[in-house]
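Colleague: Provided herewith is a single structure, encoded as structure tokens, for subsequent inquiry.
The values are calculated or read from the model by the stated rules, or taken from the named source; none is laboratory data. Every value quoted in this text rests on a predicted model; they were computed, and no experiment measured them. Using ideal geometry, Cβ is built from the backbone for each residue, glycine included, and neighbour counts are taken over all protein chains shown. Just so you know, the surface numbers come from the protein's heavy atoms only, side chains and all, with ligands and any DNA or RNA stripped out. Shrake-Rupley method; radii C 1.70, N 1.55, O 1.52, S 1.80 Å.
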Amino acid sequence: MTVPTYSVADRFASWERLIRRLEPGWDGDDFYPISAYDNDLDSRDALDQVMRALPEEANEGPLGQLLARLDTRFRSATVPDPELSLRPWVRPTTERPEEELGEWWKRKPVRVPWPE
């Protein structure tokens with residue numbers, strides 16, 4: 001292993017893989033349990049922490065632009081979930097009040113990628 005498992009690059013890759021799964025046209029046949037969904041949302045939390053720790057210029061640069069594009073794609077593949085209907089199965093690993101959670105925790109996929 002030459003790259004840390006939880007590197008920033010790995011977190012970006014995880015976020016992008018999730019988004020591709022949610023988008024129309026994805027026809028992957030790999031098993032994706034609902035527990036993997038909250039792991040991917042946790043990866044997005046980690047990206048949020050990284051971006052907040054970087055200087056403002058980084059947020060406006062290539063990394064910030066990439067994250068903004070991915071977030072836009074995520075919003076396009078999900079809908080608001082004000083009832084938090086996924087919360088019984090999808091929960092952040094860090095305990096925080098609901099109002100402090102990122103918007104990605106408050107949306108649900110239009111097309112569910114896990115077996116129902």
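Colleague: Please count how many residues of region 47-59 are acidic (Asp, Glu) and either outside any helix (DSSP H, G or I) or modelled with pLDDT of 90 or more (or both).
Modeller: Let us first name the residues in region 47-59 that are acidic (Asp, Glu), namely 48, 56-57.
Next, only the ones that are either outside any helix (DSSP H, G or I) or modelled with pLDDT of 90 or more (or both) stay: 48.
Residues that pass the stated criteria total 1.
Colleague: Sticking with this one: Considering 21, 96, 44, which residue is free of Cβ contacts under 8 Å to residues at least 40 places away in the same chain and either part of a loop (DSSP other than H, G, I, E, B) or not hydrophobic (A, V, I, L, M, F, W, C) (or both)?
Modeller: 96
Colleague: Sort out which residues of region 95-110 are open to solvent by less than 80 Å² (accessible area, probe 1.4 Å) and modelled with pLDDT under 90, and write them in order of number.
Modeller: Residues satisfying the conditions are 96, 97, 98.
Colleague: Now, a different point. Taking the condition of being open to solvent by 20 Å² or more (accessible area, probe 1.4 Å) and not in a helix (DSSP H, G or I), how many residues in region 24-41 meet it?
Modeller: Summing the residues that are open to solvent by 20 Å² or more (accessible area, probe 1.4 Å) and not in a helix (DSSP H, G or I) in region 24-41 gives 9.
Colleague: Additional query: Among the residues of region 73-87, write down those that are open to solvent by 10 Å² or more (accessible area, probe 1.4 Å) and either closer than 22 Å to residue 17 by Cα or among the charged types (D, E, K, R) (or both). Give the derivation first.
Modeller: Of the residues in region 73-87, the ones open to solvent by 10 Å² or more (accessible area, probe 1.4 Å) are 73, 75-76, 79-80, 82-87.
Those that are open to solvent by 10 Å² or more (accessible area, probe 1.4 Å) and either closer than 22 Å to residue 17 by Cα or among the charged types (D, E, K, R) (or both): 73, 75, 76, 79, 80, 83, 86, 87.
Colleague: Is it fair to say residue 19 is at pLDDT 90 or above, of a type in the set (A, V, I, L, M, F, W, C) and out of contact with any helix residue (DSSP H, G or I) (no Cβ under 9 Å at 6 or more places or on another chain)? Break it down into steps so the answer makes sense when it comes.
Modeller: Values: at pLDDT 90 or above: yes; of a type in the set (A, V, I, L, M, F, W, C): yes; out of contact with any helix residue (DSSP H, G or I) (no Cβ under 9 Å at 6 or more places or on another chain): no.
Against the criterion (at pLDDT 90 or above, of a type in the set (A, V, I, L, M, F, W, C) and out of contact with any helix residue (DSSP H, G or I) (no Cβ under 9 Å at 6 or more places or on another chain)), residue 19 does not qualify.
Colleague: While we're on this one: Among the residues of region 46-62, which ones are more than 20 Å from residue 109 (Cβ to Cβ), aliphatic (A, V, I, L, M) and open to solvent by less than 50 Å² (accessible area, probe 1.4 Å)?
Modeller: As a first pass, look at region 46-62 and keep what is more than 20 Å from residue 109 (Cβ to Cβ): 46, 49-62.
Next cut, aliphatic (A, V, I, L, M) only: 46, 50-51, 53-54, 58.
If the condition is that a residue be more than 20 Å from residue 109 (Cβ to Cβ), aliphatic (A, V, I, L, M) and open to solvent by less than 50 Å² (accessible area, probe 1.4 Å), then 46, 50, 51, 58 are the ones that fit.
Colleague: Within region 63-72, is even one residue more than 17 Å from the chain's Cα centre (by Cα) and open to solvent by less than 60 Å² (accessible area, probe 1.4 Å)?
Modeller: No: region 63-72 contains no residue that is more than 17 Å from the chain's Cα centre (by Cα) and open to solvent by less than 60 Å² (accessible area, probe 1.4 Å).
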